1. Could you check the simple spin-label distance between Ser132 and His53, using points 7 Å along Cα→Cβ, in nm with one decimal?
2. Over every pair of different alpha-carbon atoms in region 1-84, take the mean of 1/r and invert it; report that Kirkwood radius in Å.
3. At R0 = 41 Å, how high is the FRET efficiency between Ala30 and Ala74 if r is their beta carbon distance? Nearest 0.05 is fine.
Amino acid sequence: MQSRMKDPALVPPDALTSSGSFFKSVNQGALSDQLPEIVALRAGQVNGCDCVHTHVRNLRATGESDERVTAVAAWREAPFFTDAERGALELAEEVTRLADRSPDAVSDAVPDAVPDKLWERLSAHFDEQQLSALILSIGVTNMFNCRTTGVREPAGTSWSRRRP
């Protein structure tokens, strides 16, 4: 498979410069190296995005075990995740699947897109800075998923080897 077009992030001037600043800010959220990648992997799986390949590679580079990496898709049934990671994975699914909730998902008709019980569990494990980093990390993953699936970017495409 070949991309439909050049990477959209490379078309507008300075788009990647802005992304770099955003990632730097998110990375100051005091999360482990693995957690943003784990939730990004899950969001990518939900979205059917080619980025799954990249997040698996990134997780392995951090020293994450194959056991945990391959179990992300079945995290509810797998014994390999902490309560904090389970909360983060559930948050990734809740935020990624907003549109699945109702035809009015963007309106006030869905007041608990992230259920209070989940928020309470997350708050027990993460402070405000960490929660912010987690939410923004999931959000940017979903934005990049839209970008890469929209142009049908092939799995394994490197940021340094974008195809026209």
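Coordinate-derived values only; no laboratory data. Only a predicted model underlies this, so the values are computations on that prediction, with no experimental measurement involved. Quick reminder, even Gly has a Cβ in these numbers, built from the backbone with ideal geometry, and neighbours come from all protein chains shown.
1. Here the modelled spin labels are 3.6 nm apart.
2. Values: mean 1/r = 0.0681 Å⁻¹.
Radius from the Kirkwood sum: 14.7 Å.
3. With a Förster radius of 41 Å, E is 0.90.
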